[in-house]
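Peer 1: This structure is in structure tokens; I'll ask about it shortly.
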Amino acid sequence: MKIQNGDILIQRICDASRSDEARSEDAYALLQELFHGYPILNLKALLDGGEVGAVEVGVWVLSELGGEAKPLLGRVDRLLEHPGRKVKYWAIDVVHSSAGVDDGKLIGKAFGLLEDTDIAVRRAALYFLAHASKQQLAAAIEQLGTSKLGILLAWLSSAADDASVQGMLSRIDDDDRIVRMVAVAAAVRIAGLGRPVLERAAALGDAEISMFASRELGH
């Protein structure tokens, strides 16, 4: 069987002795190969590997493929539990860009990373929640059921009027960080109507939520 350029690139990326810069160059080159027909399933060699740097490259490349990443979503489920922050960060992005109505369990798992110990991972999960499609949100809610997060997301899904804004404003000051995160995500999802909530969140002492709200406001 003829060896393709993509095969050679994957072999090089799997070489732990190579520098981060060299791997980054190969990652970009591999992405171009995929755009030109190299089989996406061949990324399994990176995603299933034990070397963190190779897995990071694999999931980043997958995140750049948008909806084309769907055939490998089964691999991403496991990566949401990976110890590497970059792996989890990009795995959330893959779920955001390619998960659909039949992937509620996976979407709910990604939303669950709102409680991750790493701030970068929490931010990725919060961004996903704020910008997920209605179909993705509904699929996750169905799977999460009456869990704490499921109940909060059901509230978020129904929040779309002036009365909801008042509820968001009160939740922005809640002692529970998850409640605050869901409230600020809800404000993003109702566009201009949620601006007062985002402004309140941006002024909070909670640096994590304040930064997120400020970015959404364009500050």
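Peer 1: When region 191-219 is examined, which residues are found to be without any contact (Cβ under 8 Å) to a residue 12 or more places away in the chain and open to solvent by less than 50 Å² (accessible area, probe 1.4 Å)?
Peer 2: SER210 - this is the single residue of region 191-219 that is without any contact (Cβ under 8 Å) to a residue 12 or more places away in the chain and open to solvent by less than 50 Å² (accessible area, probe 1.4 Å).
Peer 1: State yes or no: is GLY104 at pLDDT below 95 and surrounded by fewer than 21 Cβ atoms within 10 Å (Cβ to Cβ)?
Peer 2: It is false that GLY104 is at pLDDT below 95 and surrounded by fewer than 21 Cβ atoms within 10 Å (Cβ to Cβ).
Peer 1: Just wondering, is there one or more residues in region 172-190 that are open to solvent by 40 Å² or more (accessible area, probe 1.4 Å), closer than 20 Å to ALA120 by Cα and without any contact (Cβ under 8 Å) to a residue 12 or more places away in the chain?
Peer 2: Yes, because at least one residue in region 172-190 is open to solvent by 40 Å² or more (accessible area, probe 1.4 Å), closer than 20 Å to ALA120 by Cα and without any contact (Cβ under 8 Å) to a residue 12 or more places away in the chain.
Peer 1: Can you tell me which residue among ALA187, ALA160 is part of a helix (DSSP H, G or I) and among the aliphatic types (A, V, I, L, M)?
Peer 2: Checking each option against the conditions leaves just ALA187.
Peer 1: Right, here's the next one. Any residue in region 146-162 that is under 25 Å from GLY84 (Cα atoms) and touching a residue at least 60 places away in the same chain (Cβ under 8 Å)?
Peer 2: Scanning region 146-162 turns up no residue that is under 25 Å from GLY84 (Cα atoms) and touching a residue at least 60 places away in the same chain (Cβ under 8 Å).
Peer 1: While we're on this one: Spot the failing condition for MET168; the list is (1) at pLDDT 95 or above; (2) in contact with a Lys or Arg (Cβ under 9 Å, 6 or more places away or on another chain), and only one is missed.
Peer 2: Exception for MET168: condition (1).
The values are calculated or read from the model by the stated rules, or taken from the named source; none is laboratory data. Quick caveat, the model's predicted, so the values are computed rather than measured. Reconstructed Cβ throughout: ideal geometry from the backbone, glycine too, with neighbour counts over all protein chains shown. We work out accessible area using only protein heavy atoms, side chains counted, and drop any ligands, DNA or RNA first. Shrake-Rupley method; radii C 1.70, N 1.55, O 1.52, S 1.80 Å.
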